[in-house]
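Just so you know, all these numbers are worked out from the coordinates, no wet-lab data involved. Please read these numbers as outputs of a predicted model, since none were measured by experiment. Here the Cβ is made from the backbone with ideal geometry for all residues, glycine too, and neighbour counts use every protein chain on show.
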Amino acid sequence: MSKLRQKQRKCDDMDQACREYIIYFQKTRESGPTQIGCITRVTKAFVRYLKKSRIQLKDINIEHVDNFLSVFNASYAKTTQRLYRSYLRCFLRYLYNEQNILKQNLAALLVGSPRFAKAKPPQFLRPNEVRQLFDCLPHSTACELRSYAQVHLAYFLGLRPIEISRITLDDISFSKGLLNLKNRKNNCPLQLPIPEDTLKAITAYIIGGRPKSSHRSLFLIFWPNPTPMSANLVGQYLTKALRYAELPGTAYWLRHTFAQNMLESGARLFEIKEMLGHESIESTRQYLSIHTTLMRRVLFDETV
């Protein structure tokens, strides 16, 4: 085979991997056209960079990825930069886990949101905003019942969107009011008590909103067929609930608020770490703001 044909074949393989990934993302994430457009933009640009640099997919290293992002992301705002970095991380994870093309999981080395989180204080809801959220949340339709239960899990248990998406019917003990989290980010299973109102919200969704399905996942999409919800979609609906209540923030604000509530109730940092499912205390520290009320009680013996 001539060198020209070999070069063309390598380019075709890259393009094919890019196309297959976009199809894979559409099937597994239930993404809308806007998000798919962004994913297509960053993956195609990355493939063009590899071609121009004469780098094969199997030879990618973290320096190549960083060099690409430094140029590609240069003209975008910080929020957009994090978004494109996240999409590229998913592509790298796909090449490693699904295609076995990469020798190393570069997704784990790509700088992400935790590094950026250190540069700004945590965002969370104040008590009046929490009341506003739950007062405004509708729970009449099947979709509303689903979102209502998810907001309860995010706020009262501090669960990540991915942890909410992984809950199955078998993980819940309704008689004991317990939730078994078996598949967590830190690989440490945990059994959590479910607050009564949260248990009622879950029950209302199962009875009045959850479609009939052979799937054991608690939260299902309704159209076109009942299938498990992705973490991305759970996050979108949580953010949508905040917007409906005319509140700022994203799905993770609910998790941050849970951490703040534990801090105010007198929980130790280690206890908060275990509840949040963090691997290190440092990760937990990033979630917590300075508790000014508690500080004034200790330093000035004030009743605030």
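Quick rundown of the values:
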quantity	calculated
Among 148-158, 123-133, 228-238, the order from most to least packed when residues are scored by Cβ within 10 Å on average	148-158, 228-238, 123-133
The range 13-75 and the range 204-258: distance between their alpha carbon centers, rounded to Å	28
